[in-house]
1. Exposure proxy check: Arg348, Arg180, Arg162 ranked by fewest other beta carbons within 10 Å?
2. For the Cα atoms of the chain, what angle does the longest principal axis make with the long axis of helix 304-313, in degrees from 0 to 90, nearest 10?
3. Quick one: helix 213-226 against the long Cα principal axis of the chain, what's the angle to the nearest 10°, folded into 0 to 90?
4. Note down the net charge around Lys86, summing +1 for each Lys or Arg and -1 for each Asp or Glu among other residues with Cβ under 15 Å from its Cβ.
5. Rounded, prolate or oblate: pick one for segment 29-105, where a ≥ b ≥ c are the square roots of the eigenvalues of its C-alpha gyration tensor, a/c under 1.5 means rounded, and failing that, prolate if a/b is larger than b/c, else oblate.
6. Report the extension gain between Met147 and Ala267 in nm, rounded to one decimal, defined as 0.36 nm multiplied by the number of residues separating them, less their alpha carbon distance.
7. Taking neighbour counts of Cβ atoms within 10 Å as a proxy for exposure, in what order, fewest first, do His163, His338 appear?
8. Return the single residue from Ala307, Ala93, Ala129 with maximal mean-square fluctuation; model: Gaussian network over the chain, springs between Cα atoms under 10 Å.
Amino acid sequence: MGFSTDAIHFGQEHDPATGAVIVPIHFSSIFAQKELGEGQPYQYSRTGNPTRAALEKCLAQLEAGRHGFAFASGVAAIHASLTLLKTGDHIVAGDNLYGGTYRLLEQVMKDWGLEITYADTTKLDRVEAAFRPSTRMLYIETPSNPMMEITDLSACGELAHRHSALLAVDNTFMTPYLQRPLECGADIVIHSTTKYLNGHSDGIGGAVIVSDAGLAERVKIIQSSVGAVLSPFDSWLVLRSLKTLPVRMRQHNQNAAVVAEFLKKRAKVVEVFYPGFPANPGYELAKKQMSGFGGMVSFETGSLENAKKVSGALRLCAFSGSLGGAESIVSHPVTMSHSSLTPAQRERSGLTEGLLRISVGLEDVEDIIGDLEQALGRI
Ligand SMILES: Cc1ncc(COP(=O)(O)O)c(C=O)c1O
């Protein structure tokens with residue numbers, strides 16, 4: 001079946017008891033056993049829940065994987081992936097990641113004994129140079145957040161495997177509709193479902209998708225043992241939202257391309273970071289491994305003062321730290337998503353105080369542009 005058909009139907013059989021077409025929200029925390037010792041699919045909702053299971057099946061199918069796991073947040077999903085590693089293992093991570101991932105690596109996983117080297121993953125020689133005999137994972141985001149740099153998924157998969165390491169990819173920005181890392185050689189795909197997958201800014205969640213049965217068994221043990229599972233209601237919300245993922249992503253793509261062009265033509269905007277510009281160094285690669293350029297655009301206003309003026313003047317766009325909702329969301333990465341980065345780390349990523357990031361929403365694009373136009377007028 002096609003992607004859109006799977007997004008609506010996969011893992012969502014009509015309820016055998018009632019014929020309900022939509023998967024019910026199974027709030028029950030316990031499932032009665034008919035007989036002592038009897039094996040049955042559900043026993044206790046932390047370990048398995050029918051609503052969550054429907055979502056996990058659908059997500060795995062959309063990511064071209066075999067096994068999906070839904071978590072209470074994106075960072076819980078990232079944490080579960082990192083705890084596949086052992087104390088003393090080394091990880092090579094992109095130097096332009098979501099700030100919360102950086103915080104998790106630096107403030108939690110380091111104390112737990114993980115060794116970490118950051119590298120510019122757009123430069124394969126630098127990635128390879130960062131590998132050690134103890135490297136067990138290469139962890140990347142592409143496009144990166146918020147600089148929108150593109151990393152070669154297939155090349156990273158090949159490199160990681162040559163060093164007996166796993167390739168983990170945070171696919172939150174793209175969603176499986178636009179990019180499927182497992183098809184390009186990744187071993188683990190991670191999502192903050194809070195963003196495009198849930199898509200309506202009304203739920204926090206995360207997911208891990210893998211194909212390998214051994215990896216799946218480990219993730220299942222971590223999910224069940226640590227217990228940071230997605231609730232039945234939130235699972236249902238994401239499942240419902242997935243049905244419109246393709247149409248939403250098409251519109252996000254279309255609106256973002258128009259907004260990026262608009263920003264490029266504004267004299268008050270110093271630079272625009274968008275993978276859909278032919279002049280972007282990652283453009284050809286983006287065309288190869290993505291089927292659209294996505295809904296995210298970052299732009300440089302020139303100074304903290306200018307960023308304050310623009311963000312403070314917005315009337316339609318929400319000024320907030322998230323992305324992927326139906327509404328347009330402008331964020332200031334330095335004080336929001338990337339506030340845990342040190343100034344040196346920020347400088348290395350090219351992240352300035354004047355940078356704003358827009359998650360281009362589904363409103364009429366003229367209205368989004370009108371809001372940005374009037375806000376830029378404050379500079
Ligand atoms: C790319 C990316 N990955 C992971 C996360 C973390 O997700 P959550 O906020 O759902 O824990 C975020 C949050 O902004 C993100 O942007």
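1. Least to most surrounded, the residues fall as Arg162, Arg348, Arg180.
2. 70 degrees
3. It works out to around 90 degrees.
4. Around Lys86, the charge tally is +1.
5. The shape class here is prolate.
6. 41.2 nm
7. In order of increasing Cβ crowding within 10 Å: His163, His338.
8. Most flexible of the set in this elastic network: Ala129.
No lab work stands behind these numbers, since they all come straight from the coordinates. Worth saying up front: this structure is predicted, and the values here are computed from it rather than measured. Ideal geometry is used to build each Cβ from the backbone, glycine not excepted, and the neighbour counts take in all protein chains shown.
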